Amino acid sequence: MESLYPLLMLPGFDPRPWGTRDLSPIYPNHKFEEKIGEAWLTGDDCKVANGPLTGKTLSQLSEEYRRDLVGDAARDSRRFPLLLKFLFPHEKLSVQVHPDDEQARRVGQPWGKTECWYVAHAVPGSQIALGLKPGVTADQLEQAIQEKRAEDLLNWLNVYAGDMIYVAGGTVHTLGPGSVIVETQQQSDTTYRLYDYGRPRELHLKDGLAAVKEKVASGKVIRPAPTQLRGSHNRRSPLVAAPYFVVDMFETKEALDLSTRDDSGRSSVQILVAVEGCGVVEPPGAEPVTLAKGDAVVVPASLERFGVRPQWTLEFLRAYVPGKPLPEPETRM
């Protein structure tokens, strides 16, 4: 087997009817003839774009390298644990819900789909809908879907660049236009559409309504203040710490040393996504990898330590699987 090294991922651009041809906030040099809704960065079928493993998918590498790639903290040694992607909503997404772990297992899936959204860019007036209004039941939602007024029963929130939104499995939700989102989620694509504004796409009312939770821990994450990293001009902003993922933002002006182990001592694959600027990921004894705006670099758990060196400045998200049980984050609507 080839030795593992930081893997630059090739984005997979996914057409969606609510997407846009202009991805310039993140990918200014890409031109598209169809509307792109999502840029997948670490899906099972996403491919490596650098080094000897070029062209291999994350599912192939997870099967081959197992814990050396995904780490001790991942629940399944053969499956890449986290899916990260950019979302580019230009119109409203469908009103939808994802199952939690319990509901997913009832329909034969290994786990559910809890996720979080980092708002990388937002025009004034950008909104999301998150959860049912207080007192609304799943039966009332079903009736509202039939009467084409499902949106009226949802909590609508204004969002701003820098917000982090936690979306627990079972939360009815949708995105409005005007923002660019970095989504971190359990590695699952199970989505139940409940309402789609008359678009000619399949709805999944039976499974979707069974997955709906009337009370959820979802909302804007209440976060601690950013911290200046000792002896440097770099800042770390904790964005969310939750049962399935931890996501931090780093703003770097000089070299930064990072580890694939958290304070539990257990290891996890590290996923770095650049949202502004450019830099390089520097593993000991291996070729550096460029990390520029819109890129994702997967750092295998077995590397233990690695560096990130900005070229001028670099802002990037780091996502990983926590090595110890964490509660759901504190949120507000």
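Nothing in this text is a laboratory measurement; each read-out follows from the coordinates by a stated rule. Because the structure is predicted, anything quoted here is derived from the model rather than measured. Don't worry about glycine lacking a Cβ; one is built from the backbone with ideal geometry, like all the others, and counts go over all protein chains shown.
Shape verdict for the stretch 189-333, please, from the Cα gyration tensor: rounded (a/c under 1.5), prolate (a/b greater than b/c) or oblate. Here the stretch 189-333 falls in the prolate category. Residue-wise HN-Hα couplings along the stretch 201-210, as the Karplus relation 6.51 cos²θ - 1.76 cosθ + 1.60 with θ = phi - 60° gives them from phi, are 10, 5, 9, 10, 5, 4, 5, x, 5, 5 Hz; Gly and Pro carry x.
Residue pairs exceeding 20 angstrom between C-alpha atoms, taken from 85/215; 133/213; 35/92: 85/215. Using a simple spin-label model with pseudo-atoms 7 Å out from Cα toward Cβ, residue 59 and residue 236 lie 3.4 nm apart. The stretch 100-141 and the stretch 275-333 have Cα centres lying 26 Å from one another. Considering only 192, 320, 27, the mean-square fluctuation computed in a Gaussian network model of the chain, springs between alpha carbons under 10 angstrom, is largest for 27. Working note: Karplus 6.51/-1.76/1.60 with θ = phi - 60° gives the stretch 238-254 the couplings x, 9, 7, 10, 9, x, 9, 7, 10, 10, 10, 10, 10, 10, 10, 10, 8 Hz, where Gly and Pro are set to x. Summing Cβ point charges (Lys, Arg +1; Asp, Glu -1) relative to the Cα centre of the stretch 227-332 gives a dipole of roughly 160 debye. With θ taken as phi - 60° and the Karplus curve 6.51 cos²θ - 1.76 cosθ + 1.60 applied, the whole-hertz 3J(HN,Hα) list for the stretch 16-27 is 9, x, 8, x, 8, 7, 10, 9, 4, x, 10, 10 Hz, x standing for glycine and proline. The charge dipole of the chain, taken about its Cα centre with unit charges on the Cβ of Lys, Arg, Asp and Glu (plus for the first two, minus for the last two), comes to roughly 300 debye.
All other residues whose Cβ lies under 15 angstrom from that of residue 287 are scored, Lys and Arg at +1 and Asp and Glu at -1, for a net of -1. Neighbours of residue 16, meaning other residues whose beta-carbon lies under 15 angstrom from its beta-carbon, give a summed charge of -3 when Lys and Arg score +1 and Asp and Glu score -1. Calculated [222 nm] ellipticity per residue, helices only, for the chain: -2500 deg cm²/dmol; basis is -39500 (n - 2.57) per DSSP H run with n ≥ 4, divided by all residues, nearest 500. This model, with +1 at the C-beta of Lys and Arg and -1 at the C-beta of Asp and Glu, gives the stretch 11-121 a dipole about its Cα centre of some 40 debye. Shape call for the stretch 226-305 from the C-alpha gyration tensor, a ≥ b ≥ c root eigenvalues: rounded (a/c under 1.5), prolate (a/b greater than b/c) or oblate? Verdict is rounded for the stretch 226-305. Dipole of the chain computed with +1 at Lys/Arg Cβ and -1 at Asp/Glu Cβ about the Cα centre; of 58, 134, 99, farthest Cα towards the positive end is 134.
With the simple spin-label model, which puts each label point 7 Å out from Cα in the Cβ direction, the residue 152 to residue 29 separation comes to 5.0 nm.
Annotation: peptides 216-227, 69-80, ranked by per-residue average of other Cβ atoms within 10 Å with the highest first, follow the order 69-80, 216-227. Can you classify the stretch 261-333 as rounded, prolate or oblate using the Cα gyration tensor, where a ≥ b ≥ c are the square roots of its eigenvalues, rounded means a/c under 1.5, and otherwise it's prolate if a/b beats b/c and oblate if not? Note, shape of the stretch 261-333 comes out oblate.
Taking Cβ atoms as reference points and 15 Å as the exclusive limit, the residues near residue 26 contribute a net charge of -3, counting Lys and Arg as +1 and Asp and Glu as -1.
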